[in-house]
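Below you'll find the structure, written out as structure tokens, and then a few comments.
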Amino acid sequence: MDNNNMSNQDPQGFQAQQPYQQPYQQPYQQVYQNDNLEEPVSFGEWMVALLLMMIPCVNIIMMFVFAFGGGKKSKSNFFKAYLVWMLIGIILSVIICVAFGASMAAIINSVNY
């Protein structure tokens, strides 16, 4: 072996390990596209919306207005999700009432005979 090859080897003949070098990575640059961004819903708008949700009968009407009206997309999505949760709650309530009514009818029929 010549002298150049021996400089990177230890006495046992293994090549010395070079320290790991991470590849060069460009710094992250966040690109903002203002084309499809909208202004967030303000604090005052949320206060008015929540106040309207406290008024009986008006709240149901306003939920549909906010969900399907021409307002801001985030508020619209929130009220669409709220309507879906209300629908799930109504369906579960009906199922529970029917099950409770059927069990009460069965109990009353068994007592009469």
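Rule-based calculations on the coordinates, nothing more; no lab input. Please read all numbers here as calculations on a predicted model, not as lab measurements. All Cβ positions, even for glycine, are placed from backbone atoms using ideal geometry, and neighbour counts span all protein chains on display.
Below, the figures for the structure above:
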| item | result |
| --- | --- |
| Length added when fully stretched, GLU38-ASN59, from 0.36 nm per residue minus Cα-Cα | 5.0 nm |
| Net charge of Cβ neighbours under 9 Å - reference GLU45; Lys, Arg +1; Asp, Glu -1 | +2 |
| Net charge of neighbours whose Cβ lies under 13 Å from the Cβ of GLY71, counting Lys and Arg as +1 and Asp and Glu as -1 | +1 |
| Vicinal HN-Hα couplings computed from phi for the range 44-61 (Karplus, 6.51 cos²θ - 1.76 cosθ + 1.60; Hz; Gly/Pro x) | x, 5, 5, 5, 5, 4, 5, 5, 5, 6, 7, 8, x, 6, 5, 4, 5, 5 |
| Two-site FRET efficiency, ALA81 against ALA105, from Cβ-Cβ distance with R₀ of 30 Å, rounded to 0.05 | 0.25 |
